[in-house]
Amino acid sequence: MDHHFVGIPELTSVPRIAVVIDVMRAFTVAAWAFSRGVEKIVLASTESEALALKESHSGWVALKDGPPAPGFDAVNSPGLLRSRDFAGRTLVQKTTAGTVGALAVANAPLVLCASFVVAGPTARFLRTQDGGPLTFVVTGEGGQADEDLACAEYIGQLVSGGDVEAAPYLQRARTSRAAADLAAGRRSGCHPDDVELCLEIDRFPFAMEARQEESLTVLRPVAVRSP
């Protein structure tokens, strides 16, 4: 399947198939949230919208980038989320890059959100689809974040059917600016294990698809057959 890579600012039309990449940390966190029992994730455009959605729906919880804040139940950190129990809950997520990218392509016929922890299942899901080309939305640093681009390129190679070694792509992510910032504690609302958790290849057996449900953009896990 033909594919190309764009940053959020380069989105000038609605893609046929969009894969939105945020490795550190939105779509690693989303995968962890599903593993901790979340039923669905509603993507919010602003923190105010996230809080309003939470307040208007009994039992919903909200998550954001940065440090803890009043009204929010969690922060955008896989290390801080992995011990939480969200069985049956709806999570409202607002982040700096990942959710912005997903909302920018929300009207595409097929939207997947991905990171290394769901890379293989995402590629296998994409191989079942027709009607490309495939647009990878590299969300970090205006499309230049090496951890996101490495993940996008890795998934693209998997979709093309090649025998792909993950290690070089993971090493690029490990030495990225985002990884350095997380490791040094320069980003608030993080855990010392966040970088390593973001680099666990195929930790989870599902892909994540975003669809329009009424007026909301909703992310749900999609079971994918094992290779």
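The values are calculated or read from the model by the stated rules, or taken from the named source; none is laboratory data. Note that the structure is predicted; figures quoted are calculated from it, not measured. Don't worry about glycine lacking a Cβ; one is built from the backbone with ideal geometry, like all the others, and counts go over all protein chains shown.
Among (1) part of a helix (DSSP H, G or I); (2) at pLDDT below 95, there is one condition residue 66 misses while meeting the rest; what is its number?
Of everything listed in (1) part of a helix (DSSP H, G or I); (2) at pLDDT below 95, residue 66 misses just condition (1).
In region 74-91, which residue that is within 19 Å of the chain's Cα centre (by Cα) and charged (D, E, K, R) is surrounded by the most Cβ atoms within 10 Å (Cβ to Cβ)?
This residue is 89.
Being touching a Leu at 6+ places or on another chain (Cβ under 7 Å) and in a loop (DSSP other than H, G, I, E, B) is the filter here; which residues of region 158-175 pass it?
Of region 158-175, the ones touching a Leu at 6+ places or on another chain (Cβ under 7 Å) are 159, 164, 170, 173-174.
If the condition is that a residue be touching a Leu at 6+ places or on another chain (Cβ under 7 Å) and in a loop (DSSP other than H, G, I, E, B), then 164 is the only one that fits.
Of the conditions (1) small (Gly, Ala, Ser); (2) free of Cβ contacts under 8 Å to residues at least 40 places away in the same chain; (3) touching a Leu at 6+ places or on another chain (Cβ under 6 Å), residue 33 fails just one. Which one is it?
(2)
Only one of 111, 19, 23, 118 is within 16 Å of the chain's Cα centre (by Cα) and either of a type in the set (Ser, Thr, Tyr) or under 17 Å from residue 191 (Cβ atoms) (or both); which? Please lay out each step first, then the result.
Details: 111 fails: either of a type in the set (Ser, Thr, Tyr) or under 17 Å from residue 191 (Cβ atoms) (or both); 19 fails: either of a type in the set (Ser, Thr, Tyr) or under 17 Å from residue 191 (Cβ atoms) (or both); 118 fails: either of a type in the set (Ser, Thr, Tyr) or under 17 Å from residue 191 (Cβ atoms) (or both).
Just one listed residue meets the conditions, 23.
Need pairs with beta-carbon distance below 7 Å; first residue within 15 Å of residue 104 (Cα to Cα) and within region 118-143, second among the acidic types (Asp, Glu); sequence gap 6+ or separate chains.
138/148; 139/22; 139/148; 140/22; 140/147; 140/148; 143/10
Filter region 32-73 down to residues that are surrounded by fewer than 24 Cβ atoms within 10 Å (Cβ to Cβ), touching a strand residue (DSSP E or B) at 6+ places or on another chain (Cβ under 7 Å) and hydrophobic (A, V, I, L, M, F, W, C), then give me how many there are.
7
How many residues does region 176-200 hold that are touching a helix residue (DSSP H, G or I) at 6+ places or on another chain (Cβ under 7 Å), outside any helix (DSSP H, G or I) and among the hydrophobic types (A, V, I, L, M, F, W, C)?
2
Under 19 Å from residue 43 (Cβ atoms) and acidic (Asp, Glu): is that true of residue 141 in this structure? Give the derivation first.
On the way: under 19 Å from residue 43 (Cβ atoms): no; acidic (Asp, Glu): yes.
When the stated conditions are applied, residue 141 does not pass them.
Mind checking which residues of region 1-35 are of a type in the set (Phe, Trp, Tyr) and under 22 Å from residue 177 (Cβ atoms)?
If we filter region 1-35 for residues that are of a type in the set (Phe, Trp, Tyr), which is where we start, we get 5, 27, 32, 34.
5, 27 - these are the residues of region 1-35 that are of a type in the set (Phe, Trp, Tyr) and under 22 Å from residue 177 (Cβ atoms).
Those residues that are part of a helix (DSSP H, G or I) and of a type in the set (Gly, Ala, Ser), I need them from region 106-121; list them, please.
Applying the first criterion (part of a helix (DSSP H, G or I)) to region 106-121 yields 116-121.
Of everything in region 106-121, those that are part of a helix (DSSP H, G or I) and of a type in the set (Gly, Ala, Ser) turn out to be 119, 120.
Among the residues of region 186-227, which ones are more than 24 Å from residue 75 (Cβ to Cβ) and in contact with a Cys (Cβ under 9 Å, 6 or more places away or on another chain)?
Correct list: 207, 209.
So, in region 205-215, exactly how many residues are in a strand (DSSP E or B) and surrounded by fewer than 16 Cβ atoms within 10 Å (Cβ to Cβ)?
Applying the first criterion (in a strand (DSSP E or B)) to region 205-215 yields 206-213.
Then keep just the ones that are surrounded by fewer than 16 Cβ atoms within 10 Å (Cβ to Cβ); that gives 211-213.
So the answer is 3.
Kindly indicate whether any position in region 92-99 is crowded, with 24+ Cβ neighbours inside 10 Å and closer than 19 Å to residue 153 by Cβ.
Checked against the condition, which is being crowded, with 24+ Cβ neighbours inside 10 Å and closer than 19 Å to residue 153 by Cβ, region 92-99 yields at least one hit.
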